[in-house]
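Everything below concerns the one structure shown next.
The values are calculated or read from the model by the stated rules, or taken from the named source; none is laboratory data. Note that the coordinates shown come from a computational prediction; the quantities given were computed from them, not determined experimentally. Here Cβ is always computed from backbone atoms with ideal geometry, including for glycine, and neighbour counts include all displayed protein chains. Calculation scope for accessible area: heavy atoms of the full protein, side chains included, ligands and nucleic acids excluded. Shrake-Rupley method; radii C 1.70, N 1.55, O 1.52, S 1.80 Å.
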Amino acid sequence: TQLQWKEDLGIADRSLSDVSGFQKELWIASELDQILYEIDVLSGTTNKRIELTDIAPTFISVGEDEILISDTSQNLAFFLNKRTERISQAPLPDKAGKVAYKSRKFYLQSGASTLLILQEDALAEITRLQVGRPISEIQPTPGVDILVSTQDSGFFEALVNYNTNDLSRAEREVTYSKIRVSNIFPSIVWERAIANLHVNRKSSSTSQPI
């Protein structure tokens, strides 16, 4: 089946800011238009379109009930309930950054090197961790850890334990920089759903394919 997401969204050739998924859900964000779209991963058609008043979704992470939105233009973060579309402001002591999700917990970069762990059920902060160097990416792993990539003059990685909410491994230097991966594990479905989709990240001057 030919994917029709561009035509269906009505934003052909427009750069999108982020993409995230949960199970069979695929959500894409338009920071410029302040809109979220839920896309059917098999047909490419739009299931839902949510207009965000005065919220520019730079980064998003989709959970079971909520979507965590990071708005770097205002340095604010928000929870959006997928069913009711209720918006609640998330705690954020510093500048907004990258986001990730794993099993009822959100992970939100605050400032350069602080990681907030937020409870999805309570929409509240559990704890905050100082990683060390500036955070460049946050990724859930198939195990119990959250991988936090950091960078200054080199590349580093730390691990956050999901169960204990603390650093299970402090930063260590690596010789590579990981790219952001999807938290949707059925890769064939994922690849079909985002074929030809490009996202424009603020940290890069050009749009790069997912």
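Quick look at the values:
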read-out	value
Surface share of carbon and sulfur [accessible, 1.4 angstrom probe, percent] for the range 26-142	45 percent
³J(HN,Hα), Karplus 6.51/-1.76/1.60, whole Hz, each residue of the range 107-117, x for Gly, Pro	10, 10, 6, 10, x, 6, 9, 9, 10, 8, 10
Built amide H within the under 5 Å cut-off of SER113, gap 5+	ILE135
Per residue value of the accessible surface for the range 41-174 (all protein chains in place, 1.4 Å probe), Å²	42 Å²
The range 63-164 - Kirkwood radius from inverse mean 1/r over Cα pairs (Å)	13.7 Å
Cβ crowding within 10 Å averaged over residues, with 31-39, 123-131 ranked highest first	31-39, 123-131
Packing-based order for 74-81, 89-96, using average beta carbon neighbours within 10 Å, highest first	74-81, 89-96
Highest average packing first - 151-163, 100-112, 50-62, Cβ atoms within 10 Å	100-112, 50-62, 151-163
Percentage of interatomic Cα-Cα distances in the range 32-82 larger than 15 Å	46 percent
